[in-house]
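**Student:** Pasting in a structure now, in structure tokens, and then I'll have a few things to ask.
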Amino acid sequence: MKLTDAQKQRIEDLLQQMTLEEKIGQMNQESPSIVGGFDVPFEELIEMMTDGRITKEEFGNIMSNAKQDFHEDEIRKGLVGSLMVQDPVKVNELQKIAMEESRLGIPIIFGLDVIHGFRSVYPIAIAEAGSFDTDLMERTAAMAAKESRSAGVAWHFAPMVDVARDARWGRVSEGPGEDPYLGSQFARAKIRGLQNDQSSTENYVAACLKHYVGYGACESGRDYNTVSMAMHVFYNNYLKPFEAAVDEGAATVMAAFNDLNGTPCTVNRFLLRDILKDSCGFPGFVVSDANAIRECEVHGICADDMDAAIQAANAGMDMDMGTEIYLKNLKEAVADGKVSMEVIDEAVRRILSVKMWLGLFDHPYVTEEAMKRYETLPEEHTSLAREAAEKSIVLLKNEGNILPIDRNAKVSLVGNLADNKEEIIGAWAMSWQEKDCVTILEGMKAEFPNVQYFPCGGPEGDLNMDQIIKAGDYGDVIVAVLGELVSMSGEASSRADITIPGRQRELLEMLLTTGKPVVLVLMNGRPLALDWEAQYVPAIVEAWHLGIQMGPAVAHVLSGAVNPEGRLSSSFPAFTGQCPVYYNHPNTGRPGSKSKFTSRYLDAPLGALYPFGYGLSYTTFAYSDLKVENKEAVIEACVTVTNTGDRAGKETVQFYMQDVTASLVRPVKELKGFEKVSLEPGESKTVCFWLEKKDMGFWNNEHVYCLEDGKFRFYAGGSSGDCLMAEAAIRF
Ligand code: BGC
């Protein structure tokens, strides 16, 4: 986020001219409130729809009938720094008030939850991270930036980079999974994609890293729940993707709802000031999560609104999302000496810097041309969405090589989810995006001339016996599209039982009794507990919520036109009771084994059913010759990978490390690198990783970085659960 001296001066000049009220106005973010008929903020209305208190139709009716208050009067008075609006005409109208009718003409920054696409929707993050393709991650972010900026949205509340290891938590869908290294690569790629193309102000947006920090470790996977963790776990895992993204230049950060070790992140001076702003050198601004400043009162940390405003501002919270607590209290707090002018000026300087860097002062409006640019989705956007969807699909099981399916086969396509546009775009998608969705049924019809559709049942409701019998009679093969509704993952969507919901397992049982080969295509927003399915269903394809091109992507993988290459960014347990399950867990004194007094369950397998990094292909790969060389500043690890099957395919070669003896208990494996290689049948390639020795250490509880001599193990393979290993003694 580089500013010229002239831009910096412009900000200082403004600060000189601004009244205290105007400064506090910059620290205030509003969203349109619905007035008349429905007296809740717009955001809450969205939440009500998401959590089922009102239906989508009811929401639509309310929206079309209700009048919205866009806070024009406050904008005129310079009391609104940011607004959540997505309609370019409205953006221009409100921006005009800010630019022409407010005293100092400071532009508004319009922000929105553009989580995995704006106009075109890409796979949910947990899926896209599994592509292990950072170039792809960057390109989808860049496309989302262009699309949203053309509608005036210059600020994305993304990427969500919370490390998440408990699949019960619904928000695992929104982030890049369980691993801090993959999460950091994802975070960096997203920042580059959203922010780096500054050739025109129409090409980039400000990213917002969220949710800072530890939100993914909410106790028992229940959303918004308390978070307690040892500081070394915090520094080495949960903080990592945030540090990486700040280093990459992230412009803004959103604080998490949760408390961390007793202090809500919203008022956590240690997290916001000491770590983020001082230690990481973050130059942008911090926004609260929705309503979070007021929620500190419910946490039992702030006595009232005034106390919440004082604690949040002093902790380093620069912008209030949605409560007007700053607007109504900070002036008095400053007058009483409870919050200093330096604190206010610092926050405003950060906010104005981001606006300046975005070019909003000189290009505040959306042009007519930009507004029309994506009325029809250009082919390159659709094909990028398809590429992302194809690369995110993970083949979990393929017994007897049922897959790929011959294009001329008679296919019985089963499952209500297969014919539904709403259910393929995933959490945080918006209704206008549905029109570009291609369903699995449509995708299958284009790929398999002899497909017939039998809905039979879905995540909710009854099964249709008549259809099940017909599906069994018709197909040479049955493709069952089952899983979760979009509303079962995402915010406020934790589940205590993460098996396939409703009567879908029963449906699978019935399909299996037909004797026809059954392919299970899963649509879901989290790892599921698939013990039963893994035992009885011969082929399983993890297809997540893949976005607008889900249909063609699934069909291409099923026909073999595309050889699956996605990997799991999060481990799948066999049973819900194993959660949290993750590959990089600390060593115990009694690692789980067959003997009784070891770290294990009596009634569940050891570890994950499908571990992090796992995923099959229509070809097979073999690893040999792992050689580790201890060079001066790096460890060089080379391994040979051979395509031992009869198709070309892409393998994700993964490189892990273990610090065997250290002053703190270390993980059994830590990802340190990955590389995707394309191999023709019979072809071998040697893949090398160079691990810098300075990156082999860890942070202790006192935030001291430790590089300790001793034995290390290095692993290379196609999954965290299946690697070659070499050992070396290392001195630093
Ligand atoms: C979510 C954030 C989101 C914000 C604004 C909150 O409920 O936790 O992730 O960015 O709403 O919509």
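**Student:** Do you know which of the residues in the range 281-304 that are over 22 Å from the mean Cα position of the chain (by Cα) and under 17 Å from ALA347 (Cα atoms) is farthest from the ligand (Cβ to nearest atom)?
**Tutor:** That would be GLY281.
**Student:** Also, I was wondering about something else. Output yes when any residue across the range 564-577 is assigned to a loop (DSSP other than H, G, I, E, B), hydroxyl-bearing (Ser, Thr, Tyr), crowded, with 19+ Cβ neighbours inside 10 Å and not assigned by TED's automatic domain parsing to the domain that holds ARG407, and no when none is.
**Tutor:** For the range 564-577, residues assigned to a loop (DSSP other than H, G, I, E, B), hydroxyl-bearing (Ser, Thr, Tyr), crowded, with 19+ Cβ neighbours inside 10 Å and not assigned by TED's automatic domain parsing to the domain that holds ARG407: absent.
**Student:** Which of the residues spanning the range 640-661 are touching a helix residue (DSSP H, G or I) at 6+ places or on another chain (Cβ under 9 Å) and either part of a loop (DSSP other than H, G, I, E, B) or farther than 23 Å from THR134 by Cα (or both)?
**Tutor:** Hit for the range 640-661 is ASP659, nothing else.
**Student:** Filter the range 3-41 down to residues that are out of contact with any strand residue (DSSP E or B) (no Cβ under 9 Å at 6 or more places or on another chain), assigned to a loop (DSSP other than H, G, I, E, B) and modelled with pLDDT of 95 or more and give me whichever is nearest to PRO107 (Cα to Cα). Even if it seems obvious, please write down each step before you answer.
**Tutor:** Looking only at the range 3-41, we keep the residues that are out of contact with any strand residue (DSSP E or B) (no Cβ under 9 Å at 6 or more places or on another chain), and these are 3-25, 38.
With the extra rule that they be assigned to a loop (DSSP other than H, G, I, E, B), the set shrinks to 3-4, 18-19, 38.
Retained after the next criterion (residues that are modelled with pLDDT of 95 or more): 3-4, 18-19.
Values: LEU3: 17, THR4: 19, MET18: 14, THR19: 16 Å.
Top of the filtered list is MET18.
**Student:** Within 12 Å of the ligand (Cβ to nearest atom) and acidic (Asp, Glu) - does that describe any residue in the range 209-225?
**Tutor:** The answer is yes; a qualifying residue exists.
**Student:** Return the residues of the range 287-303 that are part of a helix (DSSP H, G or I) and within 25 Å of HIS156 (Cβ to Cβ); say none if nothing qualifies.
**Tutor:** Matches in the range 287-303: ALA292, ILE293, ARG294, GLU295.
**Student:** Something else about it: Applying the selection to the range 319-335, what residues are closer than 13 Å to GLY25 by Cβ and within 16 Å of the ligand (Cβ to nearest atom)?
**Tutor:** Answer for the range 319-335, where residues must be closer than 13 Å to GLY25 by Cβ and within 16 Å of the ligand (Cβ to nearest atom): MET319, ASP320, GLU324.
Let's see how each residue does on (1) on the phi > 0 side of the Ramachandran plot; (2) surrounded by fewer than 20 Cβ atoms within 10 Å (Cβ to Cβ); (3) within 16 Å of the ligand (Cβ to nearest atom); (4) in a helix (DSSP H, G or I):
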{"site": "GLU442", "(1), (2), (3), (4)": "no, yes, no, yes"}
{"site": "ALA446", "(1), (2), (3), (4)": "no, yes, no, yes"}
{"site": "GLY457", "(1), (2), (3), (4)": "yes, no, no, no"}
{"site": "GLY461", "(1), (2), (3), (4)": "yes, yes, no, no"}
{"site": "LYS470", "(1), (2), (3), (4)": "no, yes, no, yes"}
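**Student:** Does LEU606 satisfy being more than 21 Å from the chain's Cα centre (by Cα), at pLDDT below 95 and either part of a loop (DSSP other than H, G, I, E, B) or under 22 Å from PHE186 (Cβ atoms) (or both)?
**Tutor:** yes
**Student:** Related question: Residues in the range 84-93: is at least one within 29 Å of ARG386 (Cβ to Cβ), more than 16 Å from the ligand (Cβ to nearest atom), buried (at least 19 other Cβ atoms within 10 Å of the Cβ) and outside the structural domain of VAL562 (by TED's automatic domain parsing)?
**Tutor:** Taking every residue of the range 84-93 in turn, at least one turns out to be within 29 Å of ARG386 (Cβ to Cβ), more than 16 Å from the ligand (Cβ to nearest atom), buried (at least 19 other Cβ atoms within 10 Å of the Cβ) and outside the structural domain of VAL562 (by TED's automatic domain parsing).
**Student:** Has the range 241-250 got at least one residue that is touching a helix residue (DSSP H, G or I) at 6+ places or on another chain (Cβ under 9 Å), more than 15 Å from the ligand (Cβ to nearest atom), within 28 Å of SER494 (Cα to Cα) and free of Cβ contacts under 8 Å to residues at least 60 places away in the same chain?
**Tutor:** Yes - at least one qualifying residue is present in the range 241-250.
**Student:** Does any residue in the range 113-130 that is within 16 Å of the ligand (Cβ to nearest atom) come within less than 7 Å, Cβ to Cβ, of a residue that is at pLDDT below 95 and of a type in the set (Gly, Ala, Ser) six or more places away or on a different chain, and which pairs are these?
**Tutor:** Listed pairs, sorted by first residue: HIS116/GLY426; ILE124/GLY426; ILE124/ALA427.
**Student:** Run down THR376, THR323 and say which single residue is farther than 18 Å from ALA251 by Cα and surrounded by fewer than 14 Cβ atoms within 10 Å (Cβ to Cβ). Before the answer, list the steps.
**Tutor:** Details: THR323 fails: surrounded by fewer than 14 Cβ atoms within 10 Å (Cβ to Cβ).
Just one listed residue meets the conditions, THR376.
**Student:** Tell me which of these MET229 doesn't satisfy, since it passes every other one: (1) more than 16 Å from the ligand (Cβ to nearest atom); (2) under 30 Å from GLY359 (Cα atoms).
**Tutor:** (2)
**Student:** Look through GLY525, GLY515 and report the one residue that is under 30 Å from ALA256 (Cβ atoms), at pLDDT 95 or above and of a type outside the set (A, V, I, L, M, F, W, C).
**Tutor:** GLY525
**Student:** Any idea which of (1) more than 13 Å from ALA129 (Cβ to Cβ); (2) touching a residue at least 24 places away in the same chain (Cβ under 8 Å); (3) part of a loop (DSSP other than H, G, I, E, B) is the one GLY177 doesn't satisfy?
**Tutor:** Here GLY177 meets the rest and fails (1).
**Student:** Residues in the range 266-277: is at least one within 16 Å of the ligand (Cβ to nearest atom) and of a type outside the set (Asp, Glu)?
**Tutor:** There is at least one residue in the range 266-277 that is within 16 Å of the ligand (Cβ to nearest atom) and of a type outside the set (Asp, Glu).
**Student:** Assigned by TED's automatic domain parsing to the domain that holds SER570, of a type outside the set (D, E, K, R) and assigned to a helix (DSSP H, G or I): does that describe GLY400?
**Tutor:** yes
**Student:** Kindly check whether there is at least one residue in the range 193-202 that is within 16 Å of the ligand (Cβ to nearest atom) and modelled with pLDDT of 95 or more. Steps first, answer last, please.
**Tutor:** Residues of the range 193-202 that are within 16 Å of the ligand (Cβ to nearest atom), as a first pass: 194.
Subset that is modelled with pLDDT of 95 or more: 194.
Yes; the residues of the range 193-202 include at least one that is within 16 Å of the ligand (Cβ to nearest atom) and modelled with pLDDT of 95 or more.
**Student:** Here is a further query. When you go through GLU57, GLU44 one by one, which is the residue that is part of a helix (DSSP H, G or I), at pLDDT 75 or above, surrounded by 16 or more Cβ atoms within 10 Å (Cβ to Cβ) and within 28 Å of the chain's Cα centre (by Cα)?
**Tutor:** GLU44
The values are calculated or read from the model by the stated rules, or taken from the named source; none is laboratory data. These numbers were taken from a predicted model, which means no experiment stands behind them. Neighbour counts are summed over all protein chains in view; Cβ atoms, including those assigned to glycine, are modelled from backbone coordinates with ideal geometry.
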